[in-house]
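Scroll down for the structure; my scribbles are underneath it.
The values are calculated or read from the model by the stated rules, or taken from the named source; none is laboratory data. Since the model is a prediction, treat every value here as computed from it, not as a measurement. Quick reminder, even Gly has a Cβ in these numbers, built from the backbone with ideal geometry, and neighbours come from all protein chains shown. To get the accessible areas, we keep the full protein, side chains included, count just its heavy atoms, and leave off ligands, DNA and RNA. Shrake-Rupley method; radii C 1.70, N 1.55, O 1.52, S 1.80 Å.
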Amino acid sequence: MHSWAAISGISSPQPSAPLNQVLDALHSQQGQLSLLSKHLASLRDEHEALCECLASHGVVPGERLMAWLHRRRFAEARRRHPLQCHESLESLLQAKELSLTVAARLGLSGSATASAASRALRGSLAAVGPELVAMFPLHLYAIGGEAGGDALASVERLDVRENRWVQSAPLRSPRSGCAAVALSGHIYAVGGCGVDGEDLRSVERFSLWDSEWEEVPAMSTGRDELAAAACGGCLYAMGGSHLVWPVRHVLDSAEQFDPRSHCTGSWQALPRLSRERCAAAAVAVRRRLLVLGGCDEDGVALCSAESFDPTGGRWVPLPPMKRPRCNFAAAAAGGRVLVAGGYDDNTRDVDTVEHLDPWQSIGWESVARLPVPRWGVRAASSAGTIFIVGGKVNEYEVGDTQCMDHASGNWVSYAQLLQPRRSFGLAAVMQALMLAPSGQSLYRDRDSDDLQPLQPCGLIGFVGFIFLAGSCGSEQAAMSANEVPVIDLSAFFKEWESMPAERRATTKVDELPQEARTVVRAWREAFGQFGFCHAIGHGIPDEVIENAYACARKFFDLPMEEKKLSDTGRPYGSAGGGFKAQGAESVSKTETDNPGGEVAGIKKARPFDRVESMMYFGHGNDVIPTAVPEYVDVMERYRKEVFRLLLGSMALTAASLDLPLGHFEPFFLTELKPDAAPNSVRLAYYPAYIEGQEPLPGQMRYGEHTDYTGFTFLWQDHNVSGPQTASSGLEAPPGGLQVRMPDGSWVDCPPKPKAFTINAGDLIQAWTNDVFLSNYHRVVNPPPGDRHDRISLVYFTGPTNDTMVEPLPTCVGPDRPARYSAISAGEHLSKKLKVSNA
Ligand SMILES: O=C(O)CCC(=O)C(=O)O
Ligand SMILES: [Fe+2]
């Protein structure tokens, strides 16, 4: 038994009897808790086994079980929180006030997510869309700055929907070179330079609630042309310059202000930046604070950038910007930081715009140009939209306001500032939802400009609860938000194909036209997020696909005895290819037998895959089925066409990684060393469901796995009763491909018209140091009683066997060390094949 003395190690004084009683009670509770968690674990195990068993016998598919569970949880939630009305949730949400209330609470992006996750909400939230947008007017505030050599106190506000700048309450004192930061219902105007040229320590803030400026604690030092941003609820001020007569010092110091401790509030010093920076820019991206560019004590513009992780408490270098920039615009949207304008180290004004995903950290990418070069320009973003305002063009301050259309890289013009200005503070706020001092949620009524309470009916708590119950309980609900994207490759392929080899060896993404760059970006995003995409615009003639498919169909329709004549008897994947009947492969072993298996969510390998395959390498020694005399011609044509798609895909990948388009070519030019090329066409046949030959427990058409080498180009069975390459009216057979989503759920990945499904294999993931994902996928069983078989044409690719694959330098950085050691492509492939052969 534990006693106080035993726990604390203190022998006297003896604890009182009541304290010992409490400790004993705690101890016995602990025992019960661990017993309970054991029970829970074994219940979970039984539940999983039962699900697997029910699903594999085709009694209840996994999703149906989840849906039932979901329904039970709803019912339980409603039982515990009874509602004095017997309407269904769907019908309740038809009440406009209610959906508007829900939508307003969720905000714009929250509503989008909820619509994606719930079919019941989709309709009702869409119906209140326009009102919702109107409830969240986006305002930009341009604060202080400089015009004609004077520091400004004026503040103006742009209502983005009305496209009009209006005067707002002025600053308490003029500030040029200040920074503005929106944080918790306030906009802070920080530092800068006052009318007498003094560097300002002072900070003031504007309350969005009562539209007034008030003084808040000053920084430890005056900072002109500083960088500031909000991150994790705190305000950060970094660098800038400070005059200690007669020398103007550029600062490397940084400090932090937590408005929640305002009463006692003072600024706290942070670790110093890696170097001094004046007229740098700061933004926060996904809870990390970034400081970019600026100039040093000699006025030399910098391209270096660094980031501060508030939890780790240190500054770490980021990839440098493509250009040095001083006094420029920066904003974050969609997990990326975008920089624009400024001047460079030759004090030339800059018109380029580049962006970086600090998470993927593979370097900056040029995305657009400003209509004219300008410096002293500022940017701010809200809900994924980036605005660029003001600055100086030649001799004059300008009032230009533009918003960037991210998809096209074009600029949309807005109203001009009332007072053209440069080196000012810019902040974007969605001025709708705010918490009144009473704690009540309010929104601003656009017509009356009055603040209205945001609870038109008392159901919000109930609905919020249902949301939680729904989204926690149901895999289904979360699923529909995730979908493998379709990318049209044509704009990129047009450029790439018209380029001679010498130009491919040097041309990088920046030199491509905008439409081609858009393809590159979509490619990198799809592979970064899903490891998969559907690609159209690939240029492979329909007839090549139709013929290859027909050839596969003809082969697999042969009697088993005849198919077996094409089996070399060597294991699956061996040179010469040929046929393999069911039983040869058990692909999920590649996961479960690996250290760290289980990753794909299965604990032990599934029984062998319910698949037959016919492999074609094109090395001249392939097995040729005599019953299909056209086999070699058709396969050769298919192989050549998809090989071109492979080279284009490698060029896209190179462009995504800021490498010359031709970077990967030497590793794939298999015509030079055909035998070293793992490229192969695998015709896969998944027989139909047959009574009496039901799947074994846990058995699937093709178990969970990642592909082993380079990209895989998959032609799925697009159409059970018509042409494979039809552009509409497709009916794919059930029991198809599923892909694992970032949240761990499995989603169907049916074919899209005219599209190859492309996924990256393990060697692409290692080469790109996880910038591209080699994602898990599987082919599930059809429902019982279904009469369709399924054929897919799988083109595996890889660098030649002798290629040493290791993380590329552009994918490695100080905050992204190499995660893979070098391995030869051939060695990796043979290891994987050895395990997967059943
Ligand atoms: O047949 C399919 O859809 C997928 C096949 C597959 O994943 C593979 O062969 O690696
Ligand atoms: Fe695969």
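Averaging the Cα positions of each part gives two centres, and for the stretch 740-810 and the stretch 611-675 these lie 16 Å apart. Computed over every Cα-Cα pair of the stretch 137-430 and binned at 5 Å starting from 0, the pair-distance distribution P(r) comes out as 1, 6, 14, 19, 22, 18, 13, 6, 1, 0 percent. Assuming R0 = 41 Å, what is the FRET efficiency of SER91 and SER37, from their Cβ-Cβ distance, to the nearest 0.05? Computed FRET efficiency for SER91 and SER37 comes out at 0.50. Under the combined filter of DSSP loop state and at most 13 neighbouring Cβ atoms within 10 Å, the stretch 154-236 retains these trypsin sites (Lys or Arg not before Pro): ARG161. The share of accessible area on the stretch 137-430 that comes from carbon and sulfur is 48 percent, using a 1.4 angstrom probe.
Note that the stretch 518-534 has calculated 3J(HN,Hα) couplings of 5, 5, 4, 5, 4, 4, 5, 5, 4, 6, x, 8, 10, x, 9, 8, 9 Hz, one per residue in order, obtained from phi through the Karplus relation 6.51 cos²θ - 1.76 cosθ + 1.60 (θ = phi - 60°); glycine and proline are x.
Model label points for THR506 and ALA415, set 7 angstrom from Cα along the Cα-to-Cβ axis, are 5.0 nm apart. Each label was represented as a point 7 Å from its Cα along the Cα-to-Cβ direction; for ASP770 and ARG172 these points are 4.7 nm apart.
Taking the Cβ-Cβ separation of ARG570 and SER728 as r and a Förster radius of 41 Å, what is the calculated FRET efficiency to the nearest 0.05? Calculated transfer efficiency: 0.45.
Over the stretch 777-838, with every protein chain in place, what whole percent of the accessible area is carbon and sulfur at 1.4 Å, could you tell me? Roughly 58 percent, rounded to a whole number. Computed from the C-beta positions of ARG348 and ASP45 and an R0 of 45 Å, the FRET efficiency is 0.10 to the nearest 0.05. Do any of LYS508/LYS752; LYS563/LYS834; LYS508/LYS754 go past 26 Å between their Cα atoms, and which? In this structure, LYS508/LYS752; LYS508/LYS754 lie more than 26 Å apart at Cα.
Per residue, the accessible area of the stretch 137-430 comes to 37 Å², computed with a 1.4 Å probe over protein heavy atoms only. Computed about the Cα centre, the dipole magnitude for the stretch 618-777 is approximately 260 debye when only Lys and Arg (+1) and Asp and Glu (-1) carry charge, each at its Cβ. Amide H contacts of VAL216: VAL203, GLU204, ARG205, each under 5 Å away and 5 or more positions distant or on a separate chain (H built 1.01 Å from N in the peptide plane; Pro and chain starts excluded). The simple spin-label model puts a point 7 Å past each Cα toward its Cβ; for ARG248 and ALA77 those points are separated by 5.9 nm. Straight-line cross-link partners of LYS640 among the lysines, defined as a Cα under 17 Å from its Cα and at least 8 positions apart when in the same chain: LYS673.
Partner aspartates and glutamates whose Cα lies under 12 Å from the Cα of LYS832, excluding those fewer than 8 positions away in the same chain, are identified as GLU585, GLU591, ASP593, ASP707, ASP762.
Share of carbon and sulfur in the accessible area of the stretch 619-767 stands at 56%, probe radius 1.4 Å. Under the combined filter of DSSP loop state and at most 13 neighbouring Cβ atoms within 10 Å, the stretch 629-724 retains these GluC sites (Glu not before Pro): GLU630, GLU671, GLU691. Our estimate of slack between LYS834 and SER266, defined as 0.36 nm per intervening residue step minus the Cα-Cα distance, is 198.1 nm.
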